[in-house]
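The values are calculated or read from the model by the stated rules, or taken from the named source; none is laboratory data. Quick caveat, the model's predicted, so the values are computed rather than measured. Glycine gets a Cβ as well: all are built from the backbone with ideal geometry, and neighbour counts include every protein chain shown. Remember, those area values only see protein heavy atoms, side chains included, never the ligands or the DNA or RNA. Shrake-Rupley method; radii C 1.70, N 1.55, O 1.52, S 1.80 Å.
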Amino acid sequence: RFEQASETARVAMEAASEIGHVMHLVDALAHTNCFDGVAEKVGKLFAALGLRYHLQIFDGHDTYRYSTDVINNSIRHLFDNAGHSEVRIIEHKRLVLLRFDHVIIILINAPWEDSDRYGRVKDLLCQTGPALESRIRTIMVSNLIEDQHEKVMSIMNMMRQLSMDNQNNTRNIMKGLSEKLEVSAMSLDLNEAQEQHLLGLSTEALDSLETLYTANDALEGHFLYLIDSLTRVHELTSDEMKKAEDESEGDDEIELF
């Protein structure tokens, strides 16, 4: 009975320790803002559990792969097939594969001969996968916001420079034209009605130019508002990640049992 009780206690302590490591991973992921950081946290979890793995992250454009071993053609083939499959989990003795939209995990030394621990490992894997998927999506959104912000800023700077050049050129042309019209109205042998008509054309040209400037200023104001909104969203996202990092500084190690 003592041996049975000891074995039960040992299994319970191992299970609690494994759950503790997963909880630590979930907490650490909340403070991670890049894919390399995610892979590093996953590596610490699997090292603590004595598991060897391959990890693939897909952000919609690029594929990132991390591993405790060399990724050979067989593993690449598994990743490629899993990426086009609807199956979430595949098991074959020591090999366990878990697939989500943006992350694929392959364990290559699952303890299949120990049914109890094998079941716990699969459960922990199923808990870890959604946490990784969620964090990867958050990082993708943050990266997309930053990328869009940089592109809008670049376009805005180009438009602003072009607008300034156009305004300066137009102002010089219209100013010269207005001065010539005034000189013509005063120097040519014109009657009063003709002089007033030329002066009216000069005033109308200047008014049209001011209207054009006002429209350009309004357009620039709309773009500046858009940029300001994107900047505030990006700063909020970055501040939350930085705040989480500061709170977790020095808390990367955990020991249970």
Original post:
With all pairs of different alpha carbon atoms counted, what Kirkwood hydrodynamic radius in Å does the stretch 42-155 show?
Top reply: 15.3
Subject >> Förster radius 51 Å - calculated FRET efficiency between Met158 and Asp116, Cβ distance, rounded to 0.05 >> reply: 0.20
Subject >> Integer Hz, Karplus 6.51/-1.76/1.60 couplings in order for the stretch 118-135, x for Gly and Pro >> reply: 4, x, 5, 5, 5, 4, 5, 5, 5, 7, 6, x, x, 5, 5, 4, 5, 5
Original post:
Considering only protein heavy atoms, what per residue accessible area in square angstrom results for the stretch 17-113 with a 1.4 angstrom probe?
Top reply: 51
**OP:** Starting at the first residue of the stretch 81-88, write each ³J(HN,Hα) from the Karplus equation 6.51 cos²θ - 1.76 cosθ + 1.60 with θ = phi - 60°, in whole Hz, x for Gly and Pro.
**Re:** 5, 5, x, 10, 9, 8, 6, 7
Subject >> Compactness of the stretch 105-173, expressed as Rg and Dmax over alpha-carbon positions, Å >> reply: 26.8, 87
**OP:** For Asn109, enumerate residues with amide H under 5 Å from its amide H, sequence gap 5+ or separate chain, H modeled in the peptide plane.
**Re:** Arg52
